[in-house]
Each structure stands twice: as C-alpha cells, then as structure tokens.
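What follows is calculated from the coordinates using simple rules that are stated; it is not laboratory data. Being a predicted model, the structure only gives us computed values, none of them experimental. Cβ sites come from the backbone with ideal geometry, for glycine too, and all protein chains shown count toward neighbours.
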Amino acid sequence: MGALPLIADGVGFRYSGADRPALTGIDFRLEAGGVLLIVGPSGSGKSTLARAIAGLVPRDVPGEWHGSLRVGDLEIGTAQAAEIAARVGILFQDPGSQLVMDRAEDDVAFGLENRAWTLGAMRSRVPDALADVGLAGFERRRATELSGGEQQRLALAGVEAAAPAILVLDEPTANLDVAGATALFARLRVLREECRTTIVLVEHRADLAWPLADLVLALDSTGRPINFGAPRDVLARSEERLAGEGIWLPEDWPTVEAPRPGADGPVLSSAPGLIEIEGVWFEYGRGRPAVRDVDLAIRSGERVALLGPNGSGKSTLLRIAAGLLRPTGGTVRIGGLEPTRMSARRLGTLAGFVFQDPELGFLADSVGEEVTLGLDAARAAEVAALMGRMGLPFDQFRARSPYRLSGGEQRRLSVAAALVRHPRLLLLDEPTFGQDRRGWEAMATLVEAPVDEGTAVLFATHDERFARRVARRRIGMAAGRIVDDDRTRLPGSPAPTLARV
C-alpha cells in the first residue's frame, strides 16, 4: 500500500466518567512518509492520541469523541476495525500486552496470517522481520521467556512485518538498552529515508527522537496543543514553555549532582548483608539458564544499580531476590530468611517490588485503594504527602483507576505503593521508563530518601543518568552472570558529572 498521509482536524476525546478531556483541539497534517513526534508531560494524552490513530479510541474505549482523524481518505472514527488494521500498526508501551503466541516466529506470523498472507510469503518475511529488530535466530524462543527489551523488539517485528502505511510507536525505547535504542532509531531512519511508512512517535528520549522528526506536536498537561511545527521552529517559539511542562528537550538533560557529604555513611552496616544470594542459578527451560552462579550481598542502606544489556538476567535476578521466583539452584536470604518460604504478609514487610510493567503489581480498582491497601492508620496518613511528592495529588487521583493512568503515572503509583510500606529492601525494575523531567526528578529524590533510614535499594535500569544520580554501587550483568561489581564509589564521594547527550 505504501505510506499514507495523516490529518487531524479538531480532534478531542474525554474518557467516560473523566473530569476533563484527555485531548482537546488537536490539529495537524503529516505528509506520507513523514515522522511526527508527539511530546508532553505524563498524562497529557500522548498515548490516547496514539491509540486514536490506531482506531482503538474511540471504538474500544467508552467516551466522547470530537473532530476528524483521517489516514489517507479513511475516517478513523467511523471506519471498520479491519480497514484501520490494514493501514495502521501500533507498538504499545507495554509489549507484553500485544504478544499473543507462544513462539516468537508464530507471534510475528500471527498478524500476517490475519492479513491473508500466503504460507510461503510468511516463511520468507518472518525471519527478516526478526533480524530487522536484532532478534535473528529467535524464531523458536518462547515470548514469555524473553526479557522486557527483547519482548519490545519482538512486538515491533510483529507490527513492522506487514509494512503498515502508518507506524505508531508509543515509547518504543522504554525497555531497551542503549544499543537497542540506538539500533531502533537507526531502523526508523532507514524507513524514513525510503518513505516506506508514515511514522508517529511518542518518545521521551529527546536526544534520539527530535533529530528524526519532521514535525513535533507538543501537548500540555491538559491535553491541549502547546505548539506544532518543525522541531527547530517549535523550540524557537516554545522552549521555555516546554521545559516548564516537564518535557524532555534535546539539550536539556538533568545535571547529576554530587550526593550530600556523608549521606550514606550513617546507614551502612558492617553486619552481614540484608540480602544474601549465594550460588544462584535459574532456568526458564532446561539447558537455558537466565541467571548463572550469582553471588551477591547487599547491606542495609546501600543504593545499588543493576546494569546490563537486554536479556542479561537483571529482571530475573530481581524477581528471585523478591521471592517471586524460586531459584533452580543456590540460596537467597533476606534478613536471614528464605523469601520463598515466608508468608506474603511477612515478605511484604521486608521487600517491596516494583515490576517493569506496573499493571502486573496492581491489586485494587482505584488509586486510593491501591496505595493504602493493608496499611494501618499511621501509615495511611503518609499517603497524601507521598503522592503529592510523586506528582500524583491524592485528592485528584484517589478515585481514578490505576489502569487508566498514563504509563509514567502508573510507574510512580507503583513506587509510591512500595515506599509507603517502608520495606527494608526496595527492588525496582526500570523505575524511570515513561517519565517526564518532573517525574524523573521526583523518582530520584524519593528513591534516595529511604536509604537514609536504612532501606537497601536495588534497581535494574538502562537509564545511565538515573544510575549516576542514585547509585553508590554498580553491578554489571551479561549472559546471566555478574561480570562487574564496582565498589570504588565510596559513601560521600561525588557522582560523575553527566554530560548532555
């Protein structure tokens, strides 16, 4: 079919029961083969607009729709689902939500089969689509056993395989390591240069996204346009306003400050580790270890960054540490006790875990219930202040569904729900993905605070800025093993200065 233009005229949408519209007065025209970058703070409606372009809003979501949104001559608001799917492919923030088959090759083939591709054509296209996203040789791998970044690449392969006329990408680098993010944007540049598809991109990685874009649509916190135009023109007209809204800009990355002198000194203990991991192995399938012979001890008050490429075993190790996975071999102890042998209540007082996909950890139907679940009155009184510092004012968010929040808001809610319980060990999997500048700063400040009270923090991240800001110890993983444990940054020593990207 080839690339098609995308035109929005007065687009607006209010979710059913919401106190304000998610989007208001959206106008733009994107020519066939162009790249539109949508930026805005968390909760500004970026994902809502992405889903509208893919036909999921308003068709599958109750609410009030206004205006016109067209792919070529197809009106999204009135078109049939099959008509839109034949033209538009979307990659969601959460890749696991769109992986439907057991094996990687079957998942890529699923969308092609639904478009009536022949068996021969699918057999030819599937390996190429996997190779295009860096997953050559993954055909028989189980999707559920891939890392978050590998799942992200697999979902992209499934979307891109059919060569959609419009390719919508919602935070495509959220779970990718630096090499994966760089490779993804190199791939998008090829698509742009060859005009194979029209690209709509929602992305906080300003250093990669702004140079790729032909046009930028900037939204404010209420879902209204701040500015629209060529990237250079938008910055010239509205740079101060964009920064004020917490939008990441190409030349506006946070300066990493040195830690407060002696901040870690009083809380580090010479006693045995709060968590001790000895000789741990874990296999998702026979002969395919995800974690290999890991020895690790973390003391009370330590801030530890777990770093490494996609598929290196970081998330698996965190889940083992949290007692969510029983190791195939070796032992894990938190406070001298094995987490897999504790009751859920007892384990919850020792360890707080935040999933890479926040929705996996949600238990309640409202934000208020989620963050206060199981708390006594004294702890519940802390909630409003903590939520305010997280940029989630409790009076505004308490009645909302956790599943209706933006990706960045969901992440901050999940961290708040863990922090308010004062765990002795806080485990975070990619805590900064989907965060605007304000959310990033709030996350860093609040993760630092519990350390002063003796809580140990272990977090897996691809965000080098966050690791430099928060961590005082860096552990590198590759192929399931710990390959580096940097203890050279002693308490009170200055963090490295982060150069602007």
### Query
Running Debye on the chain with equal point scatterers at the Cα sites and no solvent, what base-10 log of I(q)/I(0) appears at q = 0.08, 0.09 Å⁻¹?
-0.50, -0.64
### Message
Rg over Rh of the range 6-244, using C-alpha atoms and the Kirkwood radius, what does it come to?
### Response
0.96
### Around Arg232: net Lys/Arg minus Asp/Glu count, Cβ-Cβ under 14 Å
-3
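Quick one: compute the contact order of the chain, relative version, from alpha carbon pairs under 8 angstrom and 6+ residues apart, as a percent.
Details: 1089 pairs, mean separation 84.7, N = 501.
It rounds to 17 percent for the chain.
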### Query
With a sphere of radius 14 Å drawn around the Cβ of Ala8, what net charge do the other residues whose Cβ falls strictly inside it have (Lys, Arg +1; Asp, Glu -1)?
+1
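Treat the range 273-486 as a sphere of radius equal to its Kirkwood radius over Cα pairs and apply Stokes-Einstein at 20 °C in a medium of 1.002 mPa s; give the translational diffusion coefficient in µm²/s, rounded to a whole number.
Working: Rh = 17.4 Å.
The calculation lands on 123 µm²/s.
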### Query
When Lys and Arg each count +1 and Asp and Glu each count -1, what net charge do the other residues less than 12 Å away from Arg292, Cβ to Cβ, add up to?
-1
### Per-pair calculated FRET efficiency, R0 = 22 Å: Val178 and Glu239 via Cβ, rounded to 0.05
0.25
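How much of the DSSP bridge set in the chain is antiparallel, in percent, rounded to the nearest 5?
55 percent
Which FRET efficiency value, to the nearest 0.05, is calculated for Thr118 and Ala378 with the Förster distance at 60 angstrom and r the Cβ-Cβ distance? Intermediate values should be presented prior to the final figure.
On the way: r = 65 Å, r/R0 = 1.09.
Given R0 = 60 Å and the Cβ-Cβ separation, E is 0.35.
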### Summary
Helix-only [θ] at 222 nm, the chain, -39500 (n - 2.57) per DSSP H run of 4+, per residue, nearest 500, equals -9000 deg cm²/dmol
## Note on the structure
Kirkwood Rh for the range 134-243 from C-alpha pairs, in Å, is 15.5 Å
